[in-house]
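Notes follow the structure.
Bear in mind that the values in this text are calculations on the coordinates, not laboratory data. Keep in mind it's a predicted model, so treat the numbers as computed, not measured. Heads up, the Cβs are rebuilt from the backbone with ideal geometry, glycines too, and the neighbour counts pull from every protein chain shown.
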Amino acid sequence: MQHNMFLTWPEEYQLPEHPLPILVQLGLTYRCNLTCQHCYALYRRSRDEFSLAEIDDLADQLYRAGSASLVYSHGENMIRRDFHEAAAIFRDRDFYQTLMLNGFYVRTAADAARLVETGINRTMVSIDSIDPHVHDKVRGKKGAFEVAVKALRLLKDAGIPAVGFSTTIDTHNYSDIERIAEFARDLGVDAVSFMQNRYNLTGVFDRSLWPTYLQVCQNLYQLMLDYQGTLDVYTHDPFMLTVLDDRLSDRTAREAFIGSNLCNVGTGMVSIDPVGNVSGCNFIEESIGNVREEPFQQIWDRLVDRYSDRSDPPTGPCGSCSALGPCMGGCKAFHYNGKYDERCGAQRFIDPEPHELATADRPIPETAPTRSPGVFVGLPRMRVGGATQ
Ligand SMILES: C[S@@+](CC[C@H](N)C(=O)[O-])C[C@H]1O[C@@H](n2cnc3c(N)ncnc32)[C@H](O)[C@@H]1O
Ligand code: SF4
Ligand code: SF4
């Protein structure tokens, strides 16, 4: 294992002096027709959601702040009757719009065609397993798999510029990842995304799973190489940057892999929930401010300051870790919730024992980050002729 190879970062990932909130994860509603086992938003179902007038004002503020790409997340956004009007507001300001959806509100060709008219550039349907029973169980609804696959086909046929599906991965589907990618290839979609479950609870990661997860990381990287040029295989977890091996020799693939696995918090991404709370990422519960109470730019500046690796390096068990320089704490969702990344253990950082939390007697040593800040802006690397659409 070679940690040092990550100390030099590709120039493409350098950021401007002051980071811009290029990618916005936006929720227009917390409402949802499903109750998925892993959903981070399940217990935040506030109903006091943005009006269209507020969305219009927010779109202006984001445009002025330099935002260019939007991912609809949090709840099931199409449940809002005025979803298309809201999306048209962003379309008219040239935002690249990605809709994440469970498929229940795309039942007909007309539903899919309407999304094209509304300016949705990319759709990512959630499919958690290719076994319909497992998907339905995770999603809490019988028939959910069939609905999701049908929606995927309708969206593709309607001509949405980029169509793919997202799979949240965990023990129930680690061993199916290759078959899920084959399923994506057979459906003829553009992309498949594998997102490790971000736990909303502490103490749920079983350390004995470490060798399995190590293998999963390596398989994912191998899949990305195998499908290069035919299917975009996305994965996103800074944790993976510390566990890859010598196969990262292909420069293009390596740079794409590094770029898509950096933590974007405080560098090029922001999350805004349906009631105005601004946070570093959907998976971070800490709110930095509310756009209903103060201008977005002011909150963004505070957020950048809050999550700056240089002024505020990761603490807790990461403080004494030999790999902190390139990793900078991995997925921040595991730190700023008052937790640490539970997948981190002895084999990851060579140290013989898992890290302990810092105490008053054993303070955290001063650590300066050794990596440049990076960003994955969420814009697609589409396969058509190798060019970006
Ligand atoms: C919150 S949902 C909102 C959009 C839509 N309702 C859907 O299911 O696609 C967006 C994506 O986040 C995923 N997700 C939810 N909770 C997660 C968690 N704790 N860790 C990783 N992914 C999660 C979902 O599976 C889904 O693919
Ligand atoms: S469908 Fe999406 S928003 Fe609804 S519970 Fe599932 S993951 Fe959460
Ligand atoms: S906290 Fe960072 S690494 Fe974790 S999911 Fe959010 S952007 Fe990705």
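Here are the numbers for the structure shown:
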quantity	calculated
The range 66-139 - Rg over Rh from alpha carbon coordinates, Kirkwood radius	1.01
Hypothetical label at Val134: residues of the range 27-61 whose amide nitrogen lies under 18 Å (7 Å Cα-Cβ projection)	36-39
Inter-label distance for Asp48 and His84, nm, one decimal - labels placed 7 Å from Cα along Cα-to-Cβ	3.1
Cβ-Cβ FRET estimate between Asp56 and Asp186, R0 fixed at 56 Å, reported to 0.05	0.85
Label-to-label distance, nm, for residues given as Gln218 and Tyr174 (7 Å Cα→Cβ offset)	1.4
Peptides 225-237, 33-45, 66-78 ordered by average Cβ neighbours within 10 Å, highest first	66-78, 225-237, 33-45
Simple spin-label estimate for Tyr63 and Asp111 in nanometres, 7 Å along Cα-Cβ	3.0
